[in-house]
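A short reminder: the numbers here are calculations on the coordinates, not readings from a lab. All of these numbers come straight from a predicted model, not from anything done at the bench. As a convention, Cβ positions derive from the backbone with ideal geometry for all residues, glycine included, and neighbour counts pool all protein chains shown.
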Amino acid sequence: MNEPMDNSELAGLYVLGLLDEDERAQVSRQVAADPALAAEVTFWEERLLPLAAMVEPEALPPALWSRIERSIAPAARKVPPAEPSAWSRLWDNLAFWRSLAATGFAAATILAVAGLSGAPRDDTPRYMVVLVAPDDKAPGWVIQASTEQSLKLIPLGSSEVPPAKAFQFWTKADKWKGPVSLGLVQPGRTLDVKLDRLPPLENNQLFEITLEPEKGSPIDRPTGPILFIGRAVKVM
């Protein structure tokens, strides 16, 4: 640990098993002697372990961690090619979501420690969504919701938008008739979204970003290829 970390960040890395052997042993000794650090460890265990319970154990591909690291880096990402018909196939593709669960969990836990740990701690339900590219499941955006009526869309890098095109943000809960637009997205910029005109955010709610005409979809439904997609997970 080259730079000092606050108790919250240190505890998060400890719970996730991201410390090396010497660092982990050092933190274990600190936990036994420091009630404040022990409380942070308990907080992270209660926050992160429910995510693991939502998916069956599955071995992660060896290249996953390096792919996540590359995606979090500030280097610009090319927009992945996709067919316009991908949207209709992916909404109900159970095999896709089953395979995504492990990948999304891995990315979400890293992101929870790497900058999303400052949310207020109260009894309000909290949700997290990792939006990944359908082709290689590389995470490109994360959604953090501290209430059921608002959310924050946070980029993990910068993506290029083709000429005369735009990124459009959508959501759909299981019982809705169709997806609802949450507006256009500026690549590389955080977006705060109010959901006061929609039903409260719920677990497993679907979110996606599609490539649309410059002013957005002309039919109030996704028309272009899916660039990033993910489902909400209740973390607290």
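Restricting the stretch 148-184 to residues that are under 16 Å from the mean Cα position of the chain (by Cα) and among the hydroxyl-bearing types (Ser, Thr, Tyr), the residue that is farthest from Asn204 (Cα to Cα) is Ser158. Taken over the stretch 160-204, the criterion of being polar (S, T, N, Q) and touching a Phe, Trp or Tyr at 6+ places or on another chain (Cβ under 8 Å) is satisfied by Thr171, Ser181, Gln186, Asn203.
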